[in-house]
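Working notes, structure below.
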Amino acid sequence: MLISLNWLRDFVEIPSSITPEELDLRLTMHTVEIDGIEKQGKNLSGVVVGEILEIKNHPNADKLSVAQVNVGEKKPRQIIFGQMADMNVGFKIPMALAPTVLPSGMKIIKTKLRGEISEGMFCLDQELGLVKEAVSIRFFDKSIKNGISIVKALGLNDTIFEVDNKSITNRPDLWGHYGMAREISAFLKVKLKEQNVNLKSLKKDTGKKISVEVKNSELCQRYMAIEISGIKIAPSPEWIQKRLIAVGQKPINNIVDITNYVMLELGQPLHAFDKNSVDKIIVRTAKKGETVETLDGEKRELDKEILVIADGRKPIAIAGVIGGAESGITDKTESIILESANFNFLSIRKTSQKIGTRTESSMRFEKGLDPNLCEIAIARAVELIKQICQQAKIASALADKKQFNDSAKIIKLNLEWLDKKIGDDITEKKVVEILTSLGFKIKKNRNQKNILDVEIPSWRAGRDISIPEDLVEEIARIYGYDNLKLKMPRAEIKAPLIQQEQILERKIKNILAGAPALLEVYNYSFVGKDQLKKMGIDYSNYIRLANPISQNHTMLRQGLAANMIGSIIVNQARQKKIRLFEIGGIYINSDGSLDKDDKGEEKLPFQEKRVCLAVAVDKYADANDSAKAIIGNLLETFGFEFNFLSIETASNWAEQKTSAQIEVNKEVIGSINRVSKNVKNKIGLKKEAIICELSLNKLLDLINKKGDLKYKEIAKYPRLIRDLAFVINEKVLYN
């Protein structure tokens, strides 16, 4: 969106000490980021008004013409031009004199085109940067002096601010110059010019009414219309054209320009229908198979979700997006019906996407406009029409169909809470001043101390202001983030909770990855049916996954051995000696069910962490000795004495004779097993593998019971132990 500085000055007096660059910074810091500033007339010093004296065909090119143009110099300049609008002798148009550079970066130089000299170029509005869309050329009145700069001829003395539409998508009130002026008045602390709307003049009884029917009030909360007669279609006054050109809009005619002018000024789209083409107005959704030709010449197919403006027979406009060609303003229009409405933002957005057209009107309706803005905009438009068309008069009563909640919305603002949120002490007087400047109404709560009752203005209520935190943002940004005092937050720093299990896990990892040089692996917590079946493991009570990631990972594991053996198989072809460890969780559904318990709560599986060690080499003796040495080193590091006990029944995948339990302080904490030959053949294991699995939870309990290891000082006078041997006669009796 483009914002004109001259237009802003109509509503707020910006001090002369505030440069455009300073205003850019202030707007960015307080309201919305400004993407760029452009001063009108920049790079247009070489473009002047030129009068065509003669036109003839190019002698060497059928599609080119040669013109002699008076640009205020002693001799006319010769211009070669191609297919443009119908050009006639006497026309005065913008002409770039060679050599010069246009705003787009195009270099204009004296050159030969098919053997003829061209000393410049006729310029379209787009080439001059005056408009961004469509293709048009500007014609000047005969009173304009030849050779005068178009900067002076068009009064290009404005400064334009560019705002990215995305940055104000939550602020429909900023889609017009008046809304921006309101913000400027707040942070510059200058007075905002009030909008003096005279609705009484629109409500005079003329004896004639417009037939308006709104069939879907959910999609159209308000529809206002009024007939104006005595219209004479003509170009807009120069001051309106300058304003529209400044913000990239192409002037069309006085009526269309006024509707666009009010939209850009207030943010409320308007539309004008030719009265001769409209007998009544019906706001409804389209019927299946209906079509309408729009102002852009496209024939649009409609569906039942598209809101339209229709007469008694057919659609005449797509509501909120684009008007119909049949009911549009023409040079013969003498009476108009002026529309000011409020349409559902979601409906307009969907319609715009369906028909593939976004207009200045639809972009504003998509944001959710204030229904109260309709009356201000229609009154402003009628005022301008009367001012420009001297014979214009109101020919009907004002039709106003509305159905929306207009009750005031109040937010309670706690001033002490506000100061804590902002982190600075802002006085009540300052808070009231800021909110009042933005259009909020303030009342002090009689029953509660330090509480303000803040009434949200209609153009912000239900849009971007709904909770106290929204008011915090309003106050802070206008107060100025740079003005807030920098304070370090006061926060109590506490030492993190000591996680004994995590500390033990880390110690075990350091031990195993140290001298024993085991490599840590991270396996999935899932196992598969085929894998367990080959290992002879009963999986009937395993917890099954509702959405397994693959057929090989359909259940939660109940031990680490199966996945560890899988890791050995993956690496056995590349490694002669394999020494691995893993610390991970297991999940046991002891009763085979995860139904709810007696209290109605869902049962959870038993979970614990385990440590799994694996050694795989070519010879069993080497694997066994290595595994036992690793276990011994681990347990002795924690100061435990341990035993290997025979096991009554080993796992189905293990060799019974070579399997053992690991006991510490008369408590079994794990087991050590050799993978059986039968299982090795089934799963493709080529090496002798020893798998040891310890309970991390039990190990932690034992460590906690034992307490911390303490240093024991060596005795100053250590006892002396001697072993004495005596030789005696065999006949000596002894017990």
Does Lys367 meet the test of being under 30 Å from Lys203 (Cβ atoms), open to solvent by 20 Å² or more (accessible area, probe 1.4 Å), part of a strand (DSSP E or B) and touching a residue at least 60 places away in the same chain (Cβ under 8 Å)?
no
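Applying the selection to region 397-409, what residues are open to solvent by less than 70 Å² (accessible area, probe 1.4 Å) and either touching a Cys at 6+ places or on another chain (Cβ under 7 Å) or farther than 23 Å from Glu213 by Cβ (or both)?
Filtering region 397-409 down to residues open to solvent by less than 70 Å² (accessible area, probe 1.4 Å) leaves 397-400, 404, 407-408.
Within region 397-409, Ser407, Ala408 meet the criteria.
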Taking the stated definitions as given, is Ala377 under 22 Å from Pro457 (Cα atoms), open to solvent by less than 10 Å² (accessible area, probe 1.4 Å) and outside any strand (DSSP E or B)?
yes
Restricting attention to region 624-644, the residues that are open to solvent by less than 60 Å² (accessible area, probe 1.4 Å) and either among the aliphatic types (A, V, I, L, M) or more than 25 Å from Ala517 (Cβ to Cβ) (or both) number exactly 5
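Of the residues Ala660, Ala650, which is surrounded by fewer than 21 Cβ atoms within 10 Å (Cβ to Cβ), at pLDDT 90 or above and closer than 22 Å to Glu608 by Cα?
On the way: Ala650 fails: at pLDDT 90 or above.
Among Ala660, Ala650, only Ala660 is surrounded by fewer than 21 Cβ atoms within 10 Å (Cβ to Cβ), at pLDDT 90 or above and closer than 22 Å to Glu608 by Cα.
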Please work out which one of (1) open to solvent by less than 70 Å² (accessible area, probe 1.4 Å); (2) closer than 28 Å to Tyr178 by Cα; (3) at pLDDT below 95 is the condition Asn445 fails and give its number.
(2)
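What are the residues in region 272-286 that are under 35 Å from the mean Cα position of the chain (by Cα) and not polar (S, T, N, Q), if any? Even if it seems obvious, please write down each step before you answer.
Let us first name the residues in region 272-286 that are under 35 Å from the mean Cα position of the chain (by Cα), namely 283-286.
Correct list: Val283, Arg284, Ala286.
Residues are listed down the side, and each one gets a yes or a no for (1) under 21 Å from Glu227 (Cα atoms); (2) hydrophobic (A, V, I, L, M, F, W, C); (3) in a helix (DSSP H, G or I); (4) open to solvent by 10 Å² or more (accessible area, probe 1.4 Å):
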{"site": "Gln241", "(1), (2), (3), (4)": "no, no, yes, yes"}
{"site": "Lys250", "(1), (2), (3), (4)": "no, no, no, yes"}
{"site": "Ile258", "(1), (2), (3), (4)": "yes, yes, yes, no"}
{"site": "Asn276", "(1), (2), (3), (4)": "yes, no, yes, yes"}
{"site": "Lys287", "(1), (2), (3), (4)": "no, no, no, yes"}
{"site": "Gly297", "(1), (2), (3), (4)": "no, no, no, yes"}
{"site": "Ala317", "(1), (2), (3), (4)": "yes, yes, no, no"}
{"site": "Lys332", "(1), (2), (3), (4)": "yes, no, no, yes"}
Working only within region 538-573, note down all residues that are crowded, with 19+ Cβ neighbours inside 10 Å and among the hydrophobic types (A, V, I, L, M, F, W, C).
Met555, Leu556, Leu560, Ala561, Ala562, Met564, Ile565, Ile568
Would you confirm whether any residue within region 26-49 is under 21 Å from Arg182 (Cβ atoms), part of a loop (DSSP other than H, G, I, E, B) and open to solvent by 10 Å² or more (accessible area, probe 1.4 Å)?
yes
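Does Asn170 satisfy the criteria of being more than 30 Å from Ile282 (Cβ to Cβ) and open to solvent by 60 Å² or more (accessible area, probe 1.4 Å)? Please lay out each step first, then the result.
Values: more than 30 Å from Ile282 (Cβ to Cβ): yes; open to solvent by 60 Å² or more (accessible area, probe 1.4 Å): yes.
Yes.
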Does any residue of region 424-436 turn out to be farther than 30 Å from Ile233 by Cα, open to solvent by less than 80 Å² (accessible area, probe 1.4 Å), in a strand (DSSP E or B) and without any contact (Cβ under 8 Å) to a residue 40 or more places away in the chain?
no
Taking region 609-623, which residues are touching a residue at least 40 places away in the same chain (Cβ under 8 Å) and either on the phi > 0 side of the Ramachandran plot or loosely packed, with under 14 Cβ neighbours inside 10 Å (or both)?
Asp618, Lys619
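Given the structure, is Ile394 at pLDDT below 95, of a type in the set (Val, Ile, Thr) and either closer than 21 Å to Pro457 by Cβ or surrounded by 19 or more Cβ atoms within 10 Å (Cβ to Cβ) (or both)? Steps first, answer last, please.
Working: at pLDDT below 95: yes; of a type in the set (Val, Ile, Thr): yes; either closer than 21 Å to Pro457 by Cβ or surrounded by 19 or more Cβ atoms within 10 Å (Cβ to Cβ) (or both): yes.
Yes.
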So Val131 ticks every box in (1) at pLDDT 90 or above; (2) assigned to a loop (DSSP other than H, G, I, E, B) but one. Which box is left unticked?
(1)
Return the residues of region 116-175 that are hydroxyl-bearing (Ser, Thr, Tyr) and either over 40 Å from the mean Cα position of the chain (by Cα) or closer than 24 Å to Met106 by Cβ (or both); say none if nothing qualifies.
Ser118, Ser136, Ser143, Ser149, Thr159
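Which is of a type in the set (Ser, Thr, Tyr), at pLDDT 90 or above, open to solvent by less than 60 Å² (accessible area, probe 1.4 Å) and more than 25 Å from Arg284 (Cα to Cα), of Ser201, Ser236, Ser217?
Within the list Ser201, Ser236, Ser217, the selection yields Ser236.
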Pick from region 299-315, criterion under 31 Å from the mean Cα position of the chain (by Cα) and not in a strand (DSSP E or B), ranking: surrounded by the most Cβ atoms within 10 Å (Cβ to Cβ):
Ile306
Criterion: out of contact with any strand residue (DSSP E or B) (no Cβ under 6 Å at 6 or more places or on another chain), outside any helix (DSSP H, G or I) and closer than 25 Å to Ser567 by Cα - qualifying residue of Gln661, Gln656:
Gln656
If only one of Ile337, Ile348 is crowded, with 21+ Cβ neighbours inside 10 Å, in contact with a Phe, Trp or Tyr (Cβ under 6 Å, 6 or more places away or on another chain) and free of Cβ contacts under 8 Å to residues at least 60 places away in the same chain, which one is it?
Ile348
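Counting only residues that are of a type in the set (D, E, K, R), at negative phi and not in a helix (DSSP H, G or I), how many does region 172-211 have?
So in region 172-211, the residues of a type in the set (D, E, K, R) come out as 173, 182-183, 189, 191, 193-194, 200, 203-205, 208-209.
Narrowing further to those that are at negative phi: 173, 182-183, 191, 193-194, 200, 203-205, 208-209.
If we keep only those that are not in a helix (DSSP H, G or I) as well, we get 191, 193-194, 204-205, 208-209.
Residues flagged as of a type in the set (D, E, K, R), at negative phi and not in a helix (DSSP H, G or I) within region 172-211 amount to 7.
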Among the listed residues Leu512, Leu497, Leu519, which satisfies the condition of being within 30 Å of Leu702 (Cβ to Cβ), open to solvent by 70 Å² or more (accessible area, probe 1.4 Å) and in contact with a strand residue (DSSP E or B) (Cβ under 8 Å, 6 or more places away or on another chain)?
Leu519
Taking Ile233, is it in contact (Cβ under 8 Å) with a residue 60 or more places away in the chain and either in contact with a Phe, Trp or Tyr (Cβ under 6 Å, 6 or more places away or on another chain) or part of a helix (DSSP H, G or I) (or both)?
no
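Does Glu73 count as of a type in the set (Asp, Glu), within 19 Å of Ala153 (Cβ to Cβ) and touching a residue at least 40 places away in the same chain (Cβ under 8 Å)?
Considered against the rule, which asks whether it is of a type in the set (Asp, Glu), within 19 Å of Ala153 (Cβ to Cβ) and touching a residue at least 40 places away in the same chain (Cβ under 8 Å), Glu73 comes out as yes.
The values are calculated or read from the model by the stated rules, or taken from the named source; none is laboratory data. Computed from a prediction, not measured in an experiment: that's the story for all the values here. All Cβ positions, glycine included, derive from the backbone under ideal geometry; neighbour counts span all protein chains shown. Calculation scope for accessible area: heavy atoms of the full protein, side chains included, ligands and nucleic acids excluded. Shrake-Rupley method; radii C 1.70, N 1.55, O 1.52, S 1.80 Å.
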